[in-house]
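Coordinate-derived values only; no laboratory data. This structure is a prediction, so every number in the text was calculated from the model and none was measured. As a convention, Cβ positions derive from the backbone with ideal geometry for all residues, glycine included, and neighbour counts pool all protein chains shown.
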Amino acid sequence: MILKYISVALAFATLSSITYAQDVPARAGTVAVENSGALKPAKKEVDKEDIAKKLANPIANMISVPFQYEFSRGVGLNQGGSEQTLLFQPVAPFDLGGGDIFIVRPIVAGARETSIEYAPGKSFSGYGIASVTLESFYAPNTNSSWIWGIGPYAQSPSGNSGRFGSQQTGAGVTAVVLNRQGPWTYGLLGYQSWNVGGNPAFGTQNNLYGQPFVAYTTKDAWTYTANMEAQYNYDTHRTTNPLYVGVSKLEVFDGVPISFGAGPIYYVSNTPGGPSGWGGRATVTLVVLK
């Protein structure tokens, strides 16, 4: 009887060993496949055309971080100076539910000026922070290709010495209305700003700004755009009006969309001492996908 039980146990052990030995190679193969990434879900393909269209829309529900470099000439009393500016203007949307969003866009402007004549025989060269601006838009869900947004606007000189713009603080309202129709995005963005304190010697914040824009986006994420950034100052009764025409291309690097753009600027009209003639602009925009 005891020998019978021993025989059964030996047979069971032998069978288990054979089964385990056969299972090891199979499991090893599974591990190898898992480590190779073959079983991982494929990454969702980024729709470059859709993202490029959203970048043309200033109140799109998308996080973006644009850097804009601009070169201007014909600056100063003798129009012999030049100016370079760098804008950092991230766009942060907040979902309010029901398709409504609230968008905050802070803008920090740095400037470098070269040989700017501010008095006969006297010129200035240097760099610093020009201003800090806060634009915001409440954009309701319109269930239409036409959308709009409106919100408070504020601008601070941020310790500006007056070399890079007004030393006044401005407050007001900003608004935008636009249409998205196929490859086209077009509309009007603007703001009304009033002076709420500060030194008016280097310019005031009593301004009316209007920016009509149009953009055409292709299937392969090229965007051709034109806009006119007219700003009228109520105190000087003068308008600065640069016209920009440019092209941009959106590419995806390791799942991160980045847009590159450039184009010329021509000042149709300008304020005394302000930029005139031809200039240029280049942009790099990083998109943060949710």
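In the neighborhood of PHE88, defined by Cβ-to-Cβ distances under 14 Å, what is the net charge if each Lys or Arg adds +1 and each Asp or Glu adds -1?
Details: positive: ARG105; negative: GLU70, GLU135.
Net charge in that neighbourhood comes out at -1.
Quick one: check the C-alpha center-to-center distance for segment 181-226 versus segment 75-127, whole angstrom. That distance is 14 Å.
Residues in segment 67-80 carry Karplus couplings, in order, of 10, 10, 9, 9, 10, 10, 10, x, 9, x, 4, 9, 6, x Hz; the curve used is 6.51 cos²θ - 1.76 cosθ + 1.60 with θ = phi - 60°, and Gly or Pro positions show x.
What net charge do the residues around GLY203 carry, taking every other residue with its C-beta under 14 Å from that of GLY203, with Lys and Arg at +1 and Asp and Glu at -1? Kindly include the intermediate steps, with their values, before the conclusion.
Values: positive: ARG163, ARG238; negative: ASP235.
Within the 14 Å Cβ shell, the charges total +1.
Approximating the spin labels as points 7 Å out from Cα along Cα→Cβ, the LEU208-to-LEU134 distance works out to 2.6 nm. For segment 48-288, the relative contact order works out to 18 percent when only alpha carbon pairs closer than 8 Å and six or more residues apart are counted.
Residues in segment 245-259 carry Karplus couplings, in order, of 10, x, 9, 9, 9, 9, 10, 10, 10, 6, x, 10, x, 9, 10 Hz; the curve used is 6.51 cos²θ - 1.76 cosθ + 1.60 with θ = phi - 60°, and Gly or Pro positions show x.
Do you know the relative contact order of segment 75-162, to the nearest whole percent, from alpha carbon pairs under 8 angstrom that are 6+ apart? Numbers along the way, then the final one.
Details: 191 pairs, mean separation 22.8, N = 88.
Value for segment 75-162: 26 percent.
Here the simple spin-label model places points 7 Å from the Cα toward Cβ, and for GLN192 and VAL256 these points are separated by 4.2 nm. A simple count of charges around PHE71, restricted to other residues whose Cβ falls under 12 Å of its Cβ and scoring Lys, Arg +1 and Asp, Glu -1, yields 0.
Cross-link reach is defined here as a Cα-Cα straight distance under 17 Å, omitting same-chain residues fewer than 8 places apart; for LYS54 the aspartates and glutamates meeting it are GLU45, ASP95, ASP100, ASP220, GLU251. Annotation: the residues ASP254, ASP100, sorted from fewest to most other C-beta atoms within 10 Å of their own C-beta, follow the order ASP254, ASP100.
Listed from fewest to most Cβ neighbours within 10 Å, the set MET62, MET228 follows the order MET228, MET62.
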